[in-house]
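Presented below is the structure to which this report refers.
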Amino acid sequence: MYLLMSIYSVVVDPLTKTPVVILKEVEGKRMLPVWIGVLEATSIAGELEGVKYPRPMTHDLLTNILELIGVKVSRVEVYDLKDNTYYAFIHVIHNEKEISIDARPSDAMSLALRVDAPIFVAEEVIKQSKQIYLEAEAEDKSEEGKKWQGILESYDPDDFGNT
């Protein structure tokens, strides 16, 4: 089962100093943090904030190319989580045929923002993600770990899925 989610915010993980995009369930309160690269975070945050760059960014270029050749992005799906790596598909329609393209979730989300395509996440991904955070919390008792634990504890238990 897939859940419709939207990009809630882009933040920085206080432990790793790595950008994190927070997805939030559209018709619920569960949230999913996805660690991403700096360039992808810039692209997503810029689009969320309506920043207009003087030259097209890579995701803008891709959007322009898809439009030019008549390809429509129908949806994005984050479908798996293996070894702390998320996997996604960009589903496109070309000549009335649907095609699934393997993509990094950050690129898929950045593109989805630009073309107003829905973002779906597999229920199992949310469950696996929650388990990873619970295990990491048990192992990390440093000062930074305690700060991150405080952030996680501020969320409602349902924010990261059901167990």
Scanning the stretch 70-89 residue by residue, those modelled with pLDDT of 95 or more and farther than 19 Å from Glu25 by Cα turn out to be Gly70, Val71, Lys72, Val73
Based on this model, can you work out whether Lys97 counts as of a type in the set (Lys, Arg) and more than 24 Å from Ala122 (Cα to Cα)? no
For Asp107: the one exception among (1) surrounded by fewer than 15 Cβ atoms within 10 Å (Cβ to Cβ); (2) acidic (Asp, Glu); (3) in contact (Cβ under 8 Å) with a residue 60 or more places away in the chain: (1)
Pairs, first without any contact (Cβ under 8 Å) to a residue 60 or more places away in the chain in the stretch 46-69, second among the hydrophobic types (A, V, I, L, M, F, W, C) and in a loop (DSSP other than H, G, I, E, B), C-beta under 9 Å, six or more apart: Gly46/Met57; Ile65/Val71
Looking only at the stretch 11-57, count how many residues are within 13 Å of the chain's Cα centre (by Cα), closer than 20 Å to Asp116 by Cβ, among the β-branched types (Val, Ile, Thr) and surrounded by fewer than 20 Cβ atoms within 10 Å (Cβ to Cβ). 1
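The values are calculated or read from the model by the stated rules, or taken from the named source; none is laboratory data. Note that the coordinates shown come from a computational prediction; the quantities given were computed from them, not determined experimentally. Because the Cβ atoms are built from the backbone with ideal geometry, glycine has one as well, and the counts that use them run over all protein chains shown.
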